[in-house]
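The values are calculated or read from the model by the stated rules, or taken from the named source; none is laboratory data. Every value quoted in this text rests on a predicted model; they were computed, and no experiment measured them. Note that each Cβ is placed from the backbone with ideal geometry, even for glycine, and that neighbours are counted across all protein chains shown. Surface accessibility is based on the protein's heavy atoms, side chains included, excluding ligands, DNA and RNA. Shrake-Rupley method; radii C 1.70, N 1.55, O 1.52, S 1.80 Å.
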Amino acid sequence: MISRAPDARVVVGVGARRGVSVDEVCGVVEDALRGVGLTPAAVAALATVEGKAGEAGIVGAAARYGVPLVAYDARTLADVHVPHPSDDVLTAVGTPSVAEAAALAAGGRLLVPKQRSAQATCAVATAGDRLAVASGPDLRHHGDAEVRGIAGLVDLAVNVRADTPPAWLRHEIATSLDALAAYPDGSAARAAVAERHGLPVERVLLTAGAAEAFVLLARALPVRRPVVVHPQFTEPEAALLDAGHRVERVLLREEDGFRLDPAAVPEEADLVVVGNPTNPTSVLHPAETLVRLARPGRVLVVDEAFMDAVPGEREALAGRTDVPGLVVLRSLTKTWGLAGLRIGYVLADPETVALLERAQPLWPVSTPALVAAEACVSERALAEAEEAARQIARDRDHLLAGLAEFEEIRAVRPAEGPFVLIRVDRADEVRDRLRTLGFAARRGDTFPGLGPDWLRLAVRDRATTGRFLQALDKALTLTTR
C-alpha cells in the first residue's frame, strides 16, 4: 500500500474495458492527477460501476494505492449529471459516463474531466460528504457472519466439514475436562505434531488456531516490507495492519485462473504470505512454485489450513526443512469441526518458533484443545482425514458438474479445496434469494482482488448439493426478473 496524507480527499472515478492492466489504469490516473498538481497520496478512493468492480486492473490499482474501491450500481450513476455523457456508454453499462459519474457520485466537485487511455478512463473530483471509504474491503468479515443468529439455514458459508467432530473425538475432548484444574501442558501434543510431520519438537509451536499464528507473526517478526498474495484469507493482512505494518498486495487474476507467478512478488519483500490451497479460490499451487518465493532474508508463510482436505496432501510443504525462511501454518479446526475449540500449529525453524513463542501469553492453548491436537494427528485420525478428503473431492466434482449446467455461472477450476468460488452477476441479490430459500453462501467482495459478483460455496454431500442446486436455479430465476 502507498501511504496517504490523512487529509487527502479526492476520489478518482475509473472505467475500463475487460482485461485492462493495473499499469494502464494507474498510468491514466496519475496523468490526470498530475494535471492538477496532485500525486497518488491525495487519493481517498477509486470509484466505478458495479459491473467493473471485479475488473482486475481496477481492483489492482486500488490495492496499489492502498485505498478502497467504491462500487455504485448503474442506476445510481445514471442519475448523476456529467459534463461529457456518452450514448454508447449508456447503452453498454447503464450510465452515460462511468468515470465522471463515479467520481461525482459522492457529491464532490469535478477537478479533472474524463481522461482516456487505450482501455481505461478516469475523472477526478473532490470527495463529497457522501463518500464512505473508511473500511474498504471488510477484512474482518468471515463466513460465520452469514449464519450467525439465523436458525435453519443450510451452511455453505463456513468451510468446516459437516457432521464433525466425530463421536470418538468428542469423547476424547470430554474426557479431558477432568483435568481442567491443572494448568495446560502442551508437551505431549507438541511431540505428537512433530512426529506426524517428521520434525524435531523445536520446529513446532501450538497455537489457538491459525488466526493466533498470524497475529504472532505480525507482532514478533521484524519485517519491513510484508506482501500478502490475494485473493486469500484476510486475517494475515488484518493482523499485519493491526501491528502497524504497511501491507502490499499481489493480486492474482481471474484470467490466469488465480494462479501464482512468483515474479509478481516484489524482490524486496521480506515477508510473503500465501495460502495453499487458497481460500477462497480453491487453487492448489505447486509446491515448487511456492519454493521459488523463498530466499535468504525473507520469511515465506504458507497457510496450509485446508491441506488435509487435499487427497494425499500433495503440494504440501509441511515437514520441509530445506526451504529457507519457510513457515507453514496448519489448522485442525476445519476437517475436525473444532472452530469453537481453537487449535492449530506453526512449523518453522527453531529460531522463528522461539521468537513467536516469546510473543505468546502463558498457557495459550487450553487442555481440551491440546488433547484434540494429539488425537487429530494420530494414525487413526490421519486415515480418517484422508478418506474424508477423497469424499470431499467426489462431492466437489458433483457440485461443479451441477454448477456447469448454469450458463450464468463461472466456477474457478480446477478446484482442490473443500469449497468452490463462483462468479455470477448480481451475486449479492442471488445470495439474498438463496437465504430466503434456506441456504447461506459466503459473499466474495470482502476478499481483496474480488468484487461484488463472487460467492464462495462450501462442498457438502450430494443430497445437500442437489437441494442447493434447485434453490440456486430458483434464485437465479427470481434475480433476473
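Annotations
- Under-5 Å amide H pairs with V49, H placed in peptide plane, nonlocal only: Y72
- Average Cα contact separation per residue, segment 154-290, under 8 Å, 6 or more apart, as relative contact order %: 19
- Per-residue SASA remark: R462, around 140 Å² accessible (1.4 Å probe; ligands, DNA and RNA not included).
- Based on protein heavy atoms only, segment 226-351 ends up with 31 Å² per residue of surface accessible to a 1.4 Å probe.
- In plain terms, the chain is cut at each of the GluC sites (Glu not before Pro) found in a DSSP loop with at most 13 other Cβ atoms within 10 Å, and the longest leftover piece is 1-266.
- Cα centroid separation, segment 41-120 to segment 339-397 (Å): 45
- Solvent-accessible area per residue in segment 409-481 equals 39 Å², computed with a 1.4 angstrom probe and all protein chains kept.
- Solvent exposure of segment 80-178 amounts to 52 Å² per residue of accessible area, where only protein heavy atoms count and the probe is 1.4 Å.
- Cα shape, segment 426-481, gyration tensor, a/c 1.5 rule: oblate
- Listed values for segment 154-160 are Karplus-derived 3J(HN,Hα) couplings in whole Hz (6.51 cos²θ - 1.76 cosθ + 1.60, θ = phi - 60°), namely 6, 8, 9, 8, 9, 8, 6, and x replaces Gly and Pro.
- Surface composition of the chain: carbon and sulfur make up 50 percent of the accessible area, probe 1.4 Å.
- Rg and Dmax of segment 163-219, Cα atoms only, in Å: 14.0, 38
- Cβ crowding within 10 Å averaged over residues, with 217-227, 275-285 ranked highest first: 275-285, 217-227
- When Y183, Y65 are compared by accessible area of protein heavy atoms, the largest-first order is Y183, Y65, using a 1.4 Å probe.
- Estimated Rh, the chain: Kirkwood, alpha-carbon pairs, angstrom: 23.7
- Amide N proximity, segment 277-317 versus R390 label position 7 Å along Cα-to-Cβ, cut-off under 13 Å: 311-313
- Evaluating 6.51 cos²θ - 1.76 cosθ + 1.60 at θ = phi - 60° for every residue in segment 361-369, the Karplus couplings come out as x, 5, 6, x, 10, 6, 4, x, 5 Hz, glycine and proline recorded as x.
- Here's how it looks for F233: its modeled amide H is under 5 Å from those of N279, which are all 5 or more places away or on a different chain.
- Global form of segment 236-309, assessed from the alpha-carbon gyration tensor, a/c cut-off 1.5: rounded
- Between helix 22-34 and the chain: long-axis angle, C-alpha atoms, 0 to 90°, nearest 10: 50
- Helix 462-479 vs. the chain, principal-axis angle (Cα, 0 to 90°, nearest 10): 10
- Only the Cβ atoms of Lys and Arg (+1) and of Asp and Glu (-1) were treated as charged; on that basis the dipole of segment 199-294 about its Cα centre amounts to roughly 160 debye.
- Dividing the summed -39500 (n - 2.57) terms of all DSSP H runs of n ≥ 4 by the residue count of the chain sets its mean residue ellipticity at 222 nm at -10000 deg cm²/dmol.
- Reach of K52 by Cα under 13 Å, taken over aspartates and glutamates that are not fewer than 8 positions away in the same chain: D73, D425, D445, D453
- Ranked by solvent-accessible area (1.4 Å probe, protein heavy atoms only, all chains present), the residues L153, L434 order from largest to smallest as L153, L434.
- Area accessible to solvent at L199, 1.4 Å probe radius, in Å²: 20
- Proportion of all alpha-carbon pairs of segment 288-329 beyond 13 Å (%): 51
- Taking Cα centre as origin and charging only the Cβ of basic (Lys, Arg, +1) and acidic (Asp, Glu, -1) residues, the dipole magnitude of segment 382-481 rounds to 240 debye.
- Three-way shape call for segment 134-242 based on the alpha-carbon gyration tensor, with the a/c threshold at 1.5: oblate
- Overall, the chain carries a charge dipole of about 660 debye about its Cα centre when +1 sits on the Cβ of Lys and Arg and -1 on the Cβ of Asp and Glu, all other atoms neutral.
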